[in-house]
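One structure below.
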Amino acid sequence: MIRLVDVWRSYSLGGQELHALAGVTEDVLDGEHVAVMGPSGSGKSTLLNVIGLLDRPTRGRYELDGREVSDLDDAELSRVRRDRVGHVFQAYHLVARLDAQRNVELPMLFAGVPRAERHERARAALAEVGLAKRSGHRPSELSGGERQRVAIARATVLRPTVILADEPTGNLDRAAGQQVLELLERLNHGGTTLMVVTHDLDVARRARRVLILEDGRVVNRLAGHELKSLAEALAAKRVEP
Amino acid sequence: MRASELVAFALTALREHKLRSVLSMLGIAIGVAAVVLLTSVGEGARGFVAAQFSQFGTNLMQVTPGRLETAGIPGMLGGSTRKLTFEDAEALRRVRGVRRVVPTIVGQGAVQAAGRSRDVYVLATTSEAPEAWRLSVRRGVFLAGSDPTRSGSGAVLGPKLARELFGDGDAYGAWVRIAGARLRVVGIMESKGEMLAFDLDDVAYVDLATGMRIFDTDELSEIDVEFDPGVGSEAVVAGVSRVLRERHGREDFTVTTQAAMLETFDAVLRAVTTGVAAIGGISLLVGAIGVLTILWIAVGERTHEIGLLRALGATRTTILWLFLAESAVLAGLGGAAGLALGYGAAGALQLAVPALPLQASPGFAAAGLAVSVLTGLVAGAAPARRAARLDPIEALRAE
């Protein structure tokens, strides 16, 4: 479970303090599917970075699966990030010189998984996303949808408890985006917590819960099927714990 | 990550920019090749000198007039204060452990025969010289039976001198004129080659008394003492010094053992070798700067990748090692290429100039590789540190 208690992330810019997150308190239950929406600069990506342990809160508490993680040292933080969190990015972020198989192997490489097991598990992860026959291809030889599926295979190969997807369909056409969403939802149905940052209402509506962010704060929470438009959700601003 | 995995990952990065990688390897390769080649020459020179000295045996010592430690070069530039005489040499025979004593006068003179003349070194010595100096007589005898105190009529020629004077004709038994003295060739030596540019085949040997007569001197250039290796050089040096001190009333001579001379040359040449290796090392330093530059650029270009690897769970230490491995592999491969280049060049040089003493010991290869990898690690330290300190989010945002 993800628990954020009065989490702030502030930056000092030109002598002024800017708050990318301004006191976010939120629980995300195990296996939940949560979408995060908000205008540009509302703090969506910062929230995902803090939850994904790529960034640390300036203040506040962050517990992941019952453990306070905001003050871990770099090595421990990296270990928790590697084992518990899977990142899916809008731009896929695959290493161009490595083929799909080796891209998927990367987290296992850092986890010290033996070579043979690494090969086996990467092959299985690629098969799960329907790319068993594309394992030897480099990213430049794959379509956008295929690249994102490789990224999902990489994000899930160590069986994390949370998958954080930042605009996972943002660079894809409708069909490819649909395929990627189905894949993520399948993982979510399997018990993995899924948090998706999106501008796409259709993507957000598929979530069980939608968090609306504005100026670093959660200003609205609603069920996915209740979401009509971002403007309406922002206007409503009914924040309940 | 295991070392093998770090290396494999580094290779994928290096392969991505083949030309750039090869060029930066070349810097290291040239440096290592220079070190290998120059050190081979230095080591070769050391080996050459050692061989030159040991061809006369190592249980030999040389007594020269004058104190080497005080002034001048004995016997040549005013270093001598009292001459060494034949009687001094005879007195040394009673020192325990002395096997042979060879008094010698070294002079230069014209050797004339068959209408030809040749200026050579003339060594006036005794019949014990061949045994002490490990020389062999090809034909005839070496001044055998001659009395050192009475001038004889025999001379012995080095093979080159005999050839130069008599061509294909027979020198043995022929009459020659050495520095004006008419002598009969009673022996021709086996070839011995050169010793530090002194051609031992192009000399004439006469007995001591003849030498004294033709050079008009009773002063010896040196006394060579062959000693029993079982006794030990230190005891013999002490005995020889004691006898000569008693005779001269003070220590106005120098005793140098072959081993000491060899040691001195060895130390000098070792210093020279180190010096030339250091000069080669400058090229290696230039290569290291090349590796540093390339890696610094690579970190800038791959900032995004570094952010991604951090997001996937790589620690700062892992990132540090990934880049250190890259620079070590780059420099290591460069070093291996440099070794091949260095040994190849040494081989080619040896083929082109067979007389050049070259000695590339296998230890150089291991040391060369180790130095290359170490150079890579040092050169890669700053870029690797920079990579490791990147903020993952900032790095991920980089294009």
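The values are calculated or read from the model by the stated rules, or taken from the named source; none is laboratory data. Source: prediction; values computed, not measured. With ideal geometry, Cβ positions are generated from the backbone for all residues, glycine too; neighbour counts draw on all protein chains shown. Accessible surface is based on the protein model in full, side chains and every heavy atom, while ligands, DNA and RNA are left aside. Shrake-Rupley method; radii C 1.70, N 1.55, O 1.52, S 1.80 Å.
So here's what we get for this one:
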{"item": "Inter-site label distance for residue A:29 and residue B:241 at 7 Å from Cα along Cβ, in nm", "result": "10.0 nm"}
{"item": "Residue A:215-residue A:140 FRET efficiency (beta carbon distance; Förster radius 41 Å; 0.05 resolution)", "result": "0.55"}
{"item": "Prolate/oblate/rounded label for the range B:212-271 (Cα gyration tensor, a/c 1.5)", "result": "oblate"}
{"item": "Accessible area in square angstrom per residue, chain A, 1.4 angstrom probe", "result": "43 Å²"}
{"item": "Relative contact order (%) - the range A:2-236, alpha-carbon pairs under 8 angstrom, separation at least six", "result": "27 percent"}
{"item": "Residue B:170-residue B:149 pseudo-label distance in nm [points 7 Å out on the Cα-to-Cβ vector]", "result": "3.7 nm"}
{"item": "Estimated FRET transfer efficiency when R0 is 60 angstrom, pair residue A:8-residue B:349 (beta carbons, to 0.05)", "result": "0.25"}
{"item": "10 Å Cβ neighbours from other chains, averaged over peptide B:298-310", "result": "3"}
{"item": "Evaluated over the range B:82-251, the Cα radius of gyration and Dmax, each in Å", "result": "16.6, 53"}
{"item": "Shape call, the range B:1-40: gyration tensor on alpha carbons, a/c limit 1.5", "result": "oblate"}
{"item": "Distance in nm between pseudo-label sites at residue B:264 and residue A:97 (7 Å out along the Cβ direction from Cα)", "result": "5.8 nm"}
{"item": "Those lysines that a straight Cα-Cα span of less than 24 Å connects to residue A:237, excepting residues fewer than 8 apart in one chain", "result": "A:44, A:228"}
{"item": "Between helix A:144-156 and chain A: long-axis angle, C-alpha atoms, 0 to 90°, nearest 10", "result": "80 degrees"}
{"item": "10 Å Cβ shell holding at most 15 others, DSSP loop, trypsin sites (Lys or Arg not before Pro): longest site-free stretch of chain B", "result": "B:251-388"}
{"item": "Residue B:186 - accessible surface, heavy atoms, 1.4 Å probe, Å² rounded to 10", "result": "40 Å²"}
{"item": "Qualifying chymotrypsin sites (Phe, Trp or Tyr not before Pro) in the range B:205-294, DSSP loop, other Cβ atoms within 10 Å at most 13", "result": "none"}
{"item": "Lysines with Cα under 28 Å of residue B:160, excluding same-chain neighbours fewer than 8 positions away", "result": "B:192"}
